[in-house]
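Derivation of every value follows stated rules applied to the coordinates shown; laboratory data play no part. What you see is a predicted model; the values in this text were computed from it and never measured. In this analysis, Cβ positions are derived from the backbone assuming ideal geometry, glycine residues included, and neighbour counts consider all displayed protein chains.
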Amino acid sequence: MIALVTLVVLSGITLSILLSAYRVLFGPTIPDRVVALDNISTNLVAAIVVFSIRSDSALYIDVALVIAILSFLATVAAAKYLLRGTVIDNGSAR
């Protein structure tokens, strides 16, 4: 039963990733594309967790946590770049 449920969930996550990939490629604005990339990374983490449940292995949870942390940092960096035009400030006040 768990195999069927995880297969259905993975199919839904895959569909969500494909729709987000379309938004990344044909998004009207850059912020829309950044949000779509963030959505893809979130769905990727969810897919890894579901695969961990399906394979009954806790090792994949650690991988999902690392990817989630890196995804958060990348999203913050992209938002800061879009807001100010730079990711790392040189310390001078504007």
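For the reader, a short list of remarks on this structure follows.
- Among the residues making up segment 24-37, those that are surrounded by fewer than 16 Cβ atoms within 10 Å (Cβ to Cβ) and out of contact with any helix residue (DSSP H, G or I) (no Cβ under 7 Å at 6 or more places or on another chain) are Leu25, Phe26, Pro28, Thr29.
- Looking across segment 11-23, the residues that are of a type in the set (A, V, I, L, M, F, W, C) and either buried (at least 16 other Cβ atoms within 10 Å of the Cβ) or more than 15 Å from the chain's Cα centre (by Cα) (or both) come down to Ile13, Ile17.
- Residue in segment 46-53 that is touching a Gly at 6+ places or on another chain (Cβ under 8 Å) and either surrounded by 15 or more Cβ atoms within 10 Å (Cβ to Cβ) or over 30 Å from Leu83 (Cα atoms) (or both) present: no
- Candidates Ile40, Ile48, filtered to the one that is in contact with a helix residue (DSSP H, G or I) (Cβ under 6 Å, 6 or more places away or on another chain) and more than 25 Å from Met1 (Cα to Cα): Ile40
- Within segment 47-58, residues that are touching a residue at least 60 places away in the same chain (Cβ under 8 Å) have Cβ atoms under 7 Å from residues that are in a loop (DSSP other than H, G, I, E, B) in no pair, counting only partners at least 6 apart in sequence or on another chain.
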